[in-house]
1. Work from the charge dipole of region 9-332 (Cβ charges, +1 for Lys and Arg, -1 for Asp and Glu, about the Cα centre) and give the residue of Leu83, Ser245, Pro312 farthest towards its positive end.
2. Could you work out how far the C-alpha centroid of region 50-78 sits from that of region 133-149, in angstrom?
3. About the Cα centre of region 9-332, what is the dipole size in debye to 20, counting +1 per Lys and Arg Cβ and -1 per Asp and Glu Cβ, all else neutral?
4. Which of the peptides 106-115, 88-97 is most tightly packed, and how do the rest follow, going by the mean number of other Cβ atoms within 10 Å of each residue?
5. Please give the length that would be gained between Asp173 and Ser245 if that part of the chain were fully extended, namely 0.36 nm times their separation in residues minus their C-alpha to C-alpha distance (nm, one decimal).
6. Using only the alpha carbons, work out the radius of gyration and Dmax of region 9-332 in angstrom.
7. Which lysines have a Cα less than 18 Å from the Cα of Lys155, not counting those fewer than 8 places away in the same chain?
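Readers should treat all values here as calculations from the given coordinates under stated rules, not as data from a laboratory. Please read these numbers as outputs of a predicted model, since none were measured by experiment. FYI the Cβ positions are ideal-geometry reconstructions off the backbone, even for glycines, and counts take in every protein chain you see.
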Amino acid sequence: MQSEPQTVLEDRFGRVVDYLRLSVTDRCDFRCVYCMAEDMRFLPRQQVLTLEEMAFLGRAFVSLGVRRIRLTGGEPLVRRDVLMLVRQLGALDGLDELTITTNGSQLKTMAPALASAGVRRLNISLDSLHPERFSAITRTGKLAQVLAGIDAAQKAGISRIKLNSVIVRDLNDDEVLPLLDFALEKGLDISYIEEMPLGQIDCRDRRGGLVSSEEVRALIGERYQLLPSTETSAGPSRYYRIGSSKSRIGFISPHSHNFCDSCNRVRVTCEGRLLLCLGNEHSVDLRAVMRRYPQDMPALQNAIVNAMALKPERHYFYHDDKPQVLRFMNATGG
Ligand code: SAM
Ligand code: SF4
């Protein structure tokens, strides 16, 4: 028997899910080396949810107690008419926070519209402050464009901006402090992310590239005193502060710190696949439900509620020493 829709999504381990990451596209204008292969094949359009389906999905999750939605991708801001979705989700009663994770390339023009659609927080990825290195990491990106995007977002009044920096050995591990100084100077938060083995990339061995959060903290500790903070965000970051600076310094450590105990989130891919865990393949096809029962809110709610039984206890990125999650981060929705 199907369970009735309820207002709280709770899994078998007593964890309450109140946070959704929704990938609006698998496409991107960058090809970051740790995220994508150089030659990517993207999904045919009919396999990707329409913006209307995404808005319906957002409504269903919020009706079930989700309080925060983060739009991601691929690059969410390259999806045509994405502002329409942002406005619809931003207007949902019961949603406390709508945020976007972006590479920043489109912000120069889009920041004012995002701010007026209700976006108060942005995560902007930035791994290097050297123009040439930035282009090498992103393969197609231009640093100046992203820096202009950060300025535009601040000018538009988006008050909380967090930089996301994936630190990889021999690629950008010498930029831990320069990136921090940039964040402090601009009054931005920053999170350092350990690289995750999602998708197979053939240009290098990921295990050798891992720089642990502990190592990054030690590097920072040579110059600054990091004060542990009890603050949390909706995400898995553990936060620190430096003196009286308003910036928060976060560490996302999927390898060295297992954050599964307090996991409060699920992801939906741009194809409408509900992923119960970043590091596992357990999923439910919500697109099939929406296309079989168009506009049927209870059917969709039921599918989401029942999916909670599939949420695994923890992630396993490796199995028999081989990466076990074969989807790329852009397909997962980072
Ligand atoms: N395109 C947007 C961006 O770059 O911010 C949103 C999507 S991107 C997949 C989301 C985040 O995932 C980015 O901060 C990116 O650096 C991070 N990311 C991508 N691949 C990763 C990997 N293999 N390990 C850890 N973080 C990764
Ligand atoms: Fe694109 Fe973001 Fe992946 Fe870079 S990390 S390739 S910007 S989706």
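1. Going by the charge dipole, the pick is Leu83.
2. Cα centroid to Cα centroid, the span is 27 Å.
3. Details: 44 positive and 40 negative charges, 167 e Å.
I would put it at about 800 debye.
4. Output ranking for 106-115, 88-97: 106-115, 88-97.
5. Fully extending the segment from Asp173 to Ser245 adds 23.6 nm.
6. Answer for region 9-332, Rg first and Dmax second: 18.9, 58 Å.
7. Answer for Lys155, where 18 Å is the Cα cut-off: Lys108, Lys186, Lys246, listed by chain and number.
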